[in-house]
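Pasting a structure below so you can have a look.
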Amino acid sequence: MCLKGRRCKPEREVSRGRSSLFFLTKGRTRESVIGHVDANDRKSDACQTRGGCEDASGETVRSPISDEVNRPQDESDNAGQGLLDRAFARENLKRAWKRVKANKGAAGVDGLDIEQTAEYLLTRWPTIREQLLSGVYRPSPVRRVVIPKPDGGQRELGIPTVTDRLIQQALLQVLQPELDPTFSEHSYGFRPGRSAQDAVLAAQRHVSTGRSKAGQRVMALLKRLYEKLHLSVNESKSAVASAYGRKFLGYAFWASPQGVKRAVAVKARKQFKQRIRELTRRSGGRSLRQVVENLRPYLLGWKSYFGLSQTPKIWRELDEWM
């Protein structure tokens, strides 16, 4: 409690001096990093609901987090620091770690997986957090991985370390609510509450109404912008042309007497069959039960994504093929 003439103390004693640590929950098995705790966080939690605490002279000392919430929009000083304080606050880090852990994923260049990173952060997080707040932190290089494409090409992937994935997720959770409302209503990628299926449905509406001239204007604008950045448009994937016969997010469009319909693209069907062959090959040395366990999530996921398809015949053909 904060009383006039007294300093605001944390609701609960953590330790004397400045402390900062990650902690693990213990149960039947070790879980993982679930949050960040330090003495300043405790004080902030105790004072945040009042917008600040009073010092020994009775003056109100506002917390950084409450300043960011209540300050007028034209007050931009220390806004960046306020965002960092919110990003690396205890509760936000708990949410970020839960998401990173759920996503699983491989280790980065440091070779540390999820559980190993939890152990690493037990001792290293105080230093990392101080570097983040002071602006001197540098992320590790990403680990380059090359995976084959179904058409014979290769795709390069960059895998950050688990630590950097945690930091990225924590920042995303704070920045996304601020930035997402400013994005175009026609943007669907990596946005909360929107999906690839939403983009497919929007594309179908555009195809139905016919907007080739508008598409040409947009493409010309994109090319000019890309040239300024010394980039080029991948015209094998992006072009102003008839929608029929082209692939869009795994879907294709076809004309029927009732209008434009959605279908699973030919390439997506080929990829499906190739993946089924890999999961069911006889040389794998697996039992039938193991094959089914591996097959089930892929089939359910594929069906869920392509559930918008308006071609029942294709579903029957794939079922018969399997």
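Of everything in the stretch 121-133, what is open to solvent by 70 Å² or more (accessible area, probe 1.4 Å) and not β-branched (Val, Ile, Thr)? Give them in sequence order.
ARG124, GLU130
Inspect all residues belonging to the stretch 199-217 and state whether any of them is more than 28 Å from the chain's Cα centre (by Cα), on the phi > 0 side of the Ramachandran plot and touching a residue at least 40 places away in the same chain (Cβ under 8 Å).
No, that holds for no residue.
Filter the stretch 203-217 down to residues that are surrounded by 14 or more Cβ atoms within 10 Å (Cβ to Cβ) and among the aliphatic types (A, V, I, L, M), then give me how many there are.
Residues that pass the stated criteria total 2.
What do you reckon, is PRO141 closer than 30 Å to ARG277 by Cβ and not charged (D, E, K, R)?
no
Only one of (1) open to solvent by 70 Å² or more (accessible area, probe 1.4 Å); (2) out of contact with any helix residue (DSSP H, G or I) (no Cβ under 9 Å at 6 or more places or on another chain) is not met by LYS94, so which one is it?
Just one mismatch for LYS94, condition (1).
Conditions (1) touching a His at 6+ places or on another chain (Cβ under 9 Å); (2) open to solvent by 70 Å² or more (accessible area, probe 1.4 Å); (3) modelled with pLDDT of 90 or more, marked per residue:
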residue	(1), (2), (3)
ASP67	no, no, no
GLY82	no, no, no
ALA89	yes, no, yes
ARG99	no, yes, yes
GLU119	no, yes, yes
SER140	no, no, yes
ILE147	no, no, no
GLN154	no, yes, no
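Right, here's the next one. Applying the selection to the stretch 229-258, what residues are more than 28 Å from the chain's Cα centre (by Cα) and open to solvent by 90 Å² or more (accessible area, probe 1.4 Å)?
The answer is TYR244, TRP254, PRO257, GLN258.
Filter the stretch 169-199 down to the residues that are among the acidic types (Asp, Glu) and not in a loop (DSSP other than H, G, I, E, B), then identify the one that is surrounded by the most Cβ atoms within 10 Å (Cβ to Cβ).
ASP180
Next question. Of the numbered conditions (1) in a helix (DSSP H, G or I); (2) at pLDDT 90 or above; (3) open to solvent by less than 70 Å² (accessible area, probe 1.4 Å), GLY158 satisfies every one except a single condition; which is it?
Failed condition: (1).
Something else now. For residues that are among the hydroxyl-bearing types (Ser, Thr, Tyr) and out of contact with any strand residue (DSSP E or B) (no Cβ under 9 Å at 6 or more places or on another chain), scanning just the stretch 167-215, find the one that is nearest to LYS98 (Cα to Cα).
SER195
Still on this model: Right, LEU295: at pLDDT 90 or above, under 24 Å from ALA214 (Cβ atoms) and surrounded by 13 or more Cβ atoms within 10 Å (Cβ to Cβ) or not?
no
Which of the residues spanning the stretch 259-289 are loosely packed, with under 15 Cβ neighbours inside 10 Å, among the basic types (Lys, Arg) and free of Cβ contacts under 8 Å to residues at least 24 places away in the same chain?
ARG277, ARG281, ARG282, ARG289
The values are calculated or read from the model by the stated rules, or taken from the named source; none is laboratory data. Everything quoted here is computed from the prediction, not taken from an experiment. All Cβ positions, even for glycine, are placed from backbone atoms using ideal geometry, and neighbour counts span all protein chains on display. Accessible surface areas use protein heavy atoms only, side chains included; no ligands, DNA or RNA. Shrake-Rupley method; radii C 1.70, N 1.55, O 1.52, S 1.80 Å.
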